[in-house]
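The values are calculated or read from the model by the stated rules, or taken from the named source; none is laboratory data. These numbers were taken from a predicted model, which means no experiment stands behind them. Here the Cβ positions follow ideal geometry from the backbone for every residue, glycine too, while neighbour counts run over all protein chains shown.
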Amino acid sequence: MVHSRCDISKTKVPCWNEEKNICTKKFPEQYHKVTFITSKGKVNIKRSFNSLLDITDRFGNKVNNDFCVTYNSYLSFKYNSHINVKICESVLSPKYLFKYTHKSNGDKIAANVVEIVNSKDEAKLHIDSRYVEPSEAVWRIMEYPILYKDWTVVRLAVHLINEECTVADEINNDNNNCFKAEKGYKSTLVAHFNVNKNDINARKYLYNETPEYYWFDLKTKEWKLRLCQRHTIRKIFTVSPMNVELFSLRQLLLYVPGAKCEGNLKIVNGFQRHSFRDAAIARGLLDTEENYNKLFQETCKSAMLTCFVITLVSGFTIGHFL
């Protein structure tokens, strides 16, 4: 099967987009020495360059392998139709095969007939809506869900006071306007302190437990009480121990509930500590044998020696290991 030279015929073929000046069927295809699957799951068939190919399309234009449509010769001859077979060798390949289920053409078929009749371009709607692949037909007949998400993944920010992450627009060279737009930005951590101020029940939950009972509204940047329980995966950002203050803050958030502000995390036994590190040490969250034993248990064998040296340099004595 040969695709017409739409780059020459253009207005004579329906596949040519005059506005974008491209073929909607992605012709001509690129030449490939081998068949391979892209990162998105699309299969690119082997297509060799052959300048001796003497084939013309219906308009008399000479074509090459880049305008040949891939097909299975045996199945096409047996069933007298265009059939191409692709093997699902990658996990992403089934997603590519079922992509038409998530497109809008099937919805046009299931829509009311009156809407199609009253449309201005009835011919175009008919062309777009008359094809339904078998996988999509079975999926819709069995009334399987098109989209389904069970677990909600929530990422929890960790930062010091007035050190929230900001996103700069590379196109906009005016840095002042960029920072003005981010002024007043509330992260999940700031919203956690605010919900503890306003809701007494929220104070009994740790920072990483908040998403289980509250959901984060991206518009208002606030934690709101869940009306129904849902499965959630909480992912709090990791912090390097080299950043002592931030690492100590993360440890306090994991073990101290009910903080109304970052200053409350520094209070231990009624005394205000000077830093998060001092508060974490006073609570036994840093520089303890239990924490270092857990550190060495989680460290892989190849990095054990490096971890041991860093631990000694940081002030942990040999006596703790004996």
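Quick rundown of the values:
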| item | result |
| --- | --- |
| Residues that are part of a helix (DSSP H, G or I), surrounded by 15 or more Cβ atoms within 10 Å (Cβ to Cβ) and more than 24 Å from the chain's Cα centre (by Cα), drawn from segment 191-212 | His192, Phe193, Asn194, Val195, Asn196, Ala202 |
| Residue in segment 168-189 that is within 30 Å of Val244 (Cβ to Cβ), among the hydrophobic types (A, V, I, L, M, F, W, C) and at pLDDT 85 or above present | yes |
| Pair list, Cβ under 9 Å, 6 or more apart: segment 122-134 residue more than 15 Å from Pro14 (Cα to Cα), other residue at pLDDT 70 or above and in a helix (DSSP H, G or I) | Val132/Arg140 |
| Evaluation of Phe77 against (1) surrounded by fewer than 14 Cβ atoms within 10 Å (Cβ to Cβ); (2) modelled with pLDDT of 80 or more; (3) in contact with a strand residue (DSSP E or B) (Cβ under 9 Å, 6 or more places away or on another chain) (one fails), failing number | (3) |
| Hits in segment 246-274 (condition: part of a loop (DSSP other than H, G, I, E, B) and either at pLDDT 90 or above or surrounded by 15 or more Cβ atoms within 10 Å (Cβ to Cβ) (or both)) | Val256, Pro257, Ala259, Lys260, Arg273 |
| Within segment 18-31, tally of residues that are under 31 Å from the mean Cα position of the chain (by Cα) and either of a type in the set (D, E, K, R) or loosely packed, with under 13 Cβ neighbours inside 10 Å (or both) | 6 |
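Conditions (1) modelled with pLDDT under 90; (2) surrounded by 12 or more Cβ atoms within 10 Å (Cβ to Cβ); (3) not assigned by the TED database to the domain that holds Ala157, marked per residue:
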site: Leu218; (1), (2), (3): yes, no, no
site: Phe296; (1), (2), (3): yes, yes, no
site: Cys300; (1), (2), (3): yes, no, no
site: His320; (1), (2), (3): yes, yes, yes
